[in-house]
């Protein structure tokens, strides 16, 4: 049973919004594109687990995606966590093509593709650290017994080769292809006899969901971009012209002449992703290119947003429908 669904990561949505809102020849676009493509590849790899995970008995296995849990004064993140009454299993997914050499001497991952070598941080170090942190979390929040914690590095591309340095070391119990995941989970299941109670399992799930904390970070700060560099206005949903004109309670495109009553919703999504959820009447007017304070107030009130303050100090919190745009690049 999937208790925490996989969603498009917030950082991907923020990065896409940033690219939409930068001038075409902004010097940082290549860097931002490179990071976005890496994150999209990672997300695609994680999503590819959905098929093999469907083979698990939904009554016996609890699946939680994208957890970020506290560990003393910091946090640790888990791509996918599987829970049963017998064990917890961390899955660290890698979507890397080519031939992968796991160097156990220098703790690094070497990818050979098209005759070229590239070095990555070793995911074994990462997943072992996550397992230690989850054990500490169990000890601090549940009990000293907790659950046995296992972990796999899952290679999502079935055509990716796996080798180990030195070659005599067997890491088949730690590094697997995604298609072998159900078999490996069954092996763990058969190797453990002790079970925790249904009550304790439910407590663990409740605490995991309660303590899960999504990372809130400024995408502008991440790439050292000033707010003044962001393009404002409402995009045309048909031809992407910017900005649309506000005419008689609707948006009109000067280029293709279409009209839309809802075009501002995408712009407000961008505002929330780039500049935060809090917005005032003046900030909305500046961002959407609306001259009338009355028009801005009417638009804000139509969204039934939470409000704080009064009159000129009133601030609205943008709680909008979830982003449903399909990611086109890299997937």
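Site pair residue 211 and residue 190 shows an inter-label distance of 3.4 nm when each label is modelled 7 Å from Cα along Cα→Cβ. Compared with the dominant principal axis of the Cα atoms in the chain, helix 181-191 is inclined by about 50°.
If you sort the three axes of the alpha carbon gyration tensor as a ≥ b ≥ c, you get a/c of 1.5 or more for the stretch 2-211 and a/b no higher than b/c, which makes it oblate. How much FRET efficiency would the formula 1/(1 + (r/R0)^6) give for residue 73 and residue 312, where r is the Cβ-Cβ distance and R0 is 56 Å, rounded to 0.05? That gives a FRET efficiency of 0.90. Applying 0.36 nm per residue to the separation of residue 7 and residue 59 and subtracting their alpha-carbon distance, the gain on full extension is 16.5 nm. Looking at the stretch 2-211, what % of its DSSP beta bridges pair antiparallel, to the nearest 5? Among the beta bridges of the stretch 2-211, antiparallel pairing accounts for roughly 60 percent. Here the calculated FRET efficiency for residue 165 and residue 265, from their Cβ-Cβ distance with R0 = 51 Å, stands at 0.45, rounded to the nearest 0.05. Legend: calculated FRET efficiency, residue 231 to residue 44, from the Cβ-Cβ distance at R0 = 30 Å, rounded to 0.05, equals 0.60.
Helical content alone sets the calculated 222 nm signal of the chain at -10500 deg cm²/dmol, taking -39,500 (n - 2.57) per DSSP H segment of four or more residues and averaging over every residue.
Throughout, read-outs are computed from the coordinates displayed, never taken from laboratory work. Computed from a prediction, not measured in an experiment: that's the story for all the values here. Please note: Cβ atoms are built from the backbone with ideal geometry, for glycine as well, and neighbour counts cover all protein chains shown.
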